[in-house]
């Protein structure tokens, strides 16, 4: 390792956010985020969800400017970059290809190592920006496209403990927000409306009550929301009731898994990890809950740079430039 810190540029274009970040890996293994720039696409709002082809085009148009902004924020030039990392999956293939090819080209032009990063691993390592993160721990990745619970017994080893059987949590937030006319994206809309609602006004039953495993399901909550909406429930009450039920379900399932696996640290990451009620619930729980820093919950490039830093620290070899984009890429290796 160099005597000076290693500067890693990370790129994420897995869905509808063009993210580029820069982190610094110190010789002693310490990590510091220098920059995190994200261009969030607004073109999808009128569709109520992400349109893959439009997302790809937006990435192509924005990635060069976002990279320049990230480097400027870090106080660096492109020649100062020592390593490039980019998301290879999972995600929308067309969108992934934009960042992946851009990252490969940049690494090749600079003559520096390239690392293909797993999107979910990036979300997990985003928490390393806030606290020392050493296994063993549990990791709950909860976003618009993912609701996965992993046991991490050792560095780089992931065991899938539970996953959603239907919608991801963030997807459920989006659909219920759209149903109630609260806007898109649904996470912030539900959170804001819930503060003005009565969580007791709309009854929601606990999903998968009595299950022995640690899976998640949001189809029942969606059905209850639809029926309540048709019965004339206020949008604010619908939001408050759904948020409380979803947060309680995520918390209880994760705590049961932590107890079963003997873990006292839980990483909570992904877009839904920005939810105020979820953070407060985990903060009041008996586990040590570690959340990503500000701006690192939703998809971003800094989390991919952090994953690259972790790969370097663990001595993983660089990825071949033949690495391709993969829509479905399980993280668990057991």
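At a Förster distance of 22 Å, what's the computed FRET efficiency of residue 219 paired with residue 252, Cβ-Cβ distance as r, to 0.05? Walk me through the numbers before you get to the answer.
Numbers: r = 18 Å, r/R0 = 0.81.
FRET efficiency, residue 219 to residue 252: 0.80.
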Cα axis of helix 301-313 to longest principal axis of the chain: angle in degrees, 0 to 90, nearest 10?
60
Quick check on the exposure proxy: order 212, 175 from fewest to most C-beta atoms within 10 angstrom.
212, 175
Mean separation of Cα contacts under 8 Å (6+ apart) over length of the chain, as relative contact order %
25
List, largest first, the extents of the alpha carbons of segment 135-290 along their principal axes, each in whole Å.
49, 26, 25
Rg and Dmax of the chain, Cα atoms only, in Å
19.7, 66
Please list, in order, the residues from segment 294-334 whose amide nitrogen is less than 19 Å from a point placed 7 Å along the Cα→Cβ vector of residue 260.
331-334
Rounded, prolate or oblate: which one fits segment 1-148, using the alpha carbon gyration tensor with axes a ≥ b ≥ c (rounded when a/c is under 1.5, else prolate when a/b beats b/c, else oblate)?
oblate
Could you sort the peptides 119-130, 283-294 by per-residue average Cβ neighbour count (10 Å cutoff), highest mean leading?
119-130, 283-294
Residue 288 versus residue 209, label points 7 Å from Cα toward the beta carbon: distance in nm?
3.5
Quote to one decimal, in nm, the extra length available between residue 316 and residue 279 on full extension: 0.36 nm per residue of separation minus the C-alpha distance between them.
10.0 nm
If you take the square roots of the eigenvalues of the alpha-carbon gyration tensor of segment 179-248 and sort them as a ≥ b ≥ c, do you get rounded (a/c under 1.5), prolate (a/b over b/c) or oblate?
prolate
Least to most buried among 60, 98 (fewest other Cβ within 10 Å first)
60, 98
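Order of 115, 328, 102 from fewest to most other C-beta atoms within 10 Å?
The most exposed by this proxy come first: 328, 102, 115.
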Once you put a point 7 Å from the Cα of residue 192 and another 7 Å from the Cα of residue 54, both along the Cβ direction, what distance in nm separates them?
2.0
Efficiency of FRET from Cβ geometry, residue 327 and residue 109, R₀ 22 Å, rounded to 0.05
0.20
Out of every Cα-Cα pair in segment 199-334, what percent are more than 19 Å apart?
65
Under the 0.36 nm per residue contour assumption, what length would be gained going from the current alpha-carbon distance of residue 32 and residue 231 to full extension?
66.5 nm
Please give the length that would be gained between residue 200 and residue 155 if that part of the chain were fully extended, namely 0.36 nm times their separation in residues minus their C-alpha to C-alpha distance (nm, one decimal).
11.9 nm
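A short reminder: the numbers here are calculations on the coordinates, not readings from a lab. Only a predicted model underlies this, so the values are computations on that prediction, with no experimental measurement involved. No Cβ is skipped: glycine too gets one built from the backbone with ideal geometry, and neighbour counts run over all protein chains shown.
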